[in-house]
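Inspection log for the structure reproduced underneath, given as structure tokens.
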Amino acid sequence: MEEKIFYFDKEHAIAIHDSIIDNSGGLHGIKDSGRLHSMLDHLQNDLYYSTFEIKLTRLIFSVTKFHMFNDGNKRSAIGLGAYFLKINDYDYCTDTFIDEMENIVLWTATGLIDEDFLLDVVKSIINYDCLSNEVKLQLISIKSDIIG
């Protein structure tokens, strides 16, 4: 039997985003309420997103790439991802997730990391509470490409 996955609604997402903006600065407000609601609702469809890791990856990717908020989308992707981990009893890896995701979401936003590799990162954090050596090597390669 599958474990029950707990979700949050648009109002919780906006509250988390607003808290992030209050604490770190930026422009309040939501840019695309319909897209945010649709994405959060769609995450609950197990036919499209069959595992918790895939759902979390899609959440991070969507908030990062689709700019649903006026500002702070990358910060909100991390905050909403951490919240999704917490409400589903993944407390053991939430701090690691927050620590590791800053460059990951930046590189996702710029197109250096695709959703498939983002899933590898998420699985590594959930399964090992760290980045696996394979993921680290791929990240080193990405960083080398940036530096040139």
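The values are calculated or read from the model by the stated rules, or taken from the named source; none is laboratory data. Source: prediction; values computed, not measured. Because the Cβ atoms are built from the backbone with ideal geometry, glycine has one as well, and the counts that use them run over all protein chains shown.
Out of (1) without any contact (Cβ under 8 Å) to a residue 24 or more places away in the chain; (2) under 15 Å from the mean Cα position of the chain (by Cα), the odd one out for ASP41 is which? Only one criterion is unmet by ASP41, namely (2). For region 49-94, taking the residues that are on the phi < 0 side of the Ramachandran plot and without any contact (Cβ under 8 Å) to a residue 12 or more places away in the chain, the one that is surrounded by the most Cβ atoms within 10 Å (Cβ to Cβ) is identified as TYR49. Say whether the condition of being in contact with a Cys (Cβ under 7 Å, 6 or more places away or on another chain), outside any helix (DSSP H, G or I) and at positive phi is met by at least one residue in region 104-126. No: region 104-126 contains no residue that is in contact with a Cys (Cβ under 7 Å, 6 or more places away or on another chain), outside any helix (DSSP H, G or I) and at positive phi. Sub-7 Å Cβ pairs linking a first residue in region 95-111 that is over 13 Å from SER76 (Cα atoms) to a second residue that is polar (S, T, N, Q) and assigned to a helix (DSSP H, G or I), at least 6 apart or interchain, are THR108/THR64, ordered by first then second residue. Among the residues in region 96-115, are any surrounded by fewer than 18 Cβ atoms within 10 Å (Cβ to Cβ), over 22 Å from TYR7 (Cα atoms) and among the small types (Gly, Ala, Ser)? Yes, some residue in region 96-115 is surrounded by fewer than 18 Cβ atoms within 10 Å (Cβ to Cβ), over 22 Å from TYR7 (Cα atoms) and among the small types (Gly, Ala, Ser). Could you say whether any residue in region 66-74 is of a type in the set (Lys, Arg), under 9 Å from the mean Cα position of the chain (by Cα), modelled with pLDDT of 95 or more and within 17 Å of ILE16 (Cα to Cα)? Checked region 66-74: at least one residue is of a type in the set (Lys, Arg), under 9 Å from the mean Cα position of the chain (by Cα), modelled with pLDDT of 95 or more and within 17 Å of ILE16 (Cα to Cα). If only residues of region 5-31 that are part of a helix (DSSP H, G or I) and touching a Gly at 6+ places or on another chain (Cβ under 6 Å) are counted, the one that is nearest to ASP71 (Cα to Cα) is ILE21.
Given the criterion surrounded by 14 or more Cβ atoms within 10 Å (Cβ to Cβ) and among the hydrophobic types (A, V, I, L, M, F, W, C), identify the matching residue among LEU27, LEU36.
Going through LEU27, LEU36 in turn, the sole match is LEU36.
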